[in-house]
Amino acid sequence: MANSQAIGVAYQDQDIINANNSLVNAVTGQFGYNTGSSTAVPTAVTQATNKSTGVTVNAPCGTITMNNAALTAGSEVAFIVTNSMVSAYDVPVVAIKSGATTAGTYLLSIAAVAAGSFTIVVSNASAGSLSEAIVISFALVHVAQQ
């Protein structure tokens, strides 16, 4: 364990930087971001004006509540998430948390990643127009650099 430091009966890995933001629970097997407590809500923002309006959320994880403007059948919209924690090498992960009346009517993807931002594309996969304020959960998989 060349990169580890003995601290009694365990080892402290020297490659874990800023561990206060990380959560590893040996009992439950959970791995992710530390919000400070088991009941703390991650950072949340709400999109103004329409579904293409960009948002700013400077956190490694959180939720984005989209505007409830109409999205016609088979169309898609993109919006920029400005986030100071994003590097050009990171991998944003997105999922629909709530707000979609019928599962599978919306599809999410990441169109671009740059230092300080990423772009989410929301597609209407249904046969009708949708006007729901879907809530998107996101988390950043950070690609460490030294």
Scan of segment 88-125 for residues that are touching a Leu at 6+ places or on another chain (Cβ under 9 Å) and not β-branched (Val, Ile, Thr), ordered by number: Asp90, Pro92, Ala95, Ala100, Tyr106, Phe118, Ser123, Asn124, Ala125
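Could you list all residues from segment 93-122 that are more than 16 Å from Gln47 (Cβ to Cβ) and not aliphatic (A, V, I, L, M)?
Thr101, Thr102, Gly104, Thr105, Ser109, Gly116
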Which listed residue, of Thr65, Thr56, Thr72, Thr46, is more than 22 Å from Leu140 (Cβ to Cβ) and at pLDDT 95 or above: Thr72
Residue selected from segment 50-85 under the condition in contact with a Pro (Cβ under 9 Å, 6 or more places away or on another chain) and among the β-branched types (Val, Ile, Thr), by the criterion surrounded by the most Cβ atoms within 10 Å (Cβ to Cβ): Val81
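So how many residues does segment 75-94 have that are of a type in the set (Gly, Ala, Ser), closer than 28 Å to Thr105 by Cβ and part of a loop (DSSP other than H, G, I, E, B)? Quick ask: steps written out before the conclusion?
Filtering segment 75-94 down to residues of a type in the set (Gly, Ala, Ser) leaves 75, 78, 84, 87-88.
From what is left, the residues that are closer than 28 Å to Thr105 by Cβ are 75, 78.
After this cut, where a residue has to be part of a loop (DSSP other than H, G, I, E, B) as well, the list is 75.
Selection size over segment 75-94: 1.
Can you confirm whether Val121 is aliphatic (A, V, I, L, M), closer than 18 Å to Pro60 by Cβ and modelled with pLDDT of 95 or more? Show your work before the answer.
Numbers: aliphatic (A, V, I, L, M): yes; closer than 18 Å to Pro60 by Cβ: no; modelled with pLDDT of 95 or more: yes.
Criteria not met by Val121.
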Cβ-Cβ under 8 Å pairs, at least 6 apart or on other chains, segment 87-110 side over 15 Å from Val121 (Cα atoms), far side part of a strand (DSSP E or B) and of a type outside the set (A, V, I, L, M): Asp90/Phe118; Lys97/Thr63; Lys97/Ser137; Gly99/Thr65; Ala100/Tyr106
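The values are calculated or read from the model by the stated rules, or taken from the named source; none is laboratory data. Values in this document were obtained by computation on a predicted structure and should not be read as measured data. FYI the Cβ positions are ideal-geometry reconstructions off the backbone, even for glycines, and counts take in every protein chain you see.
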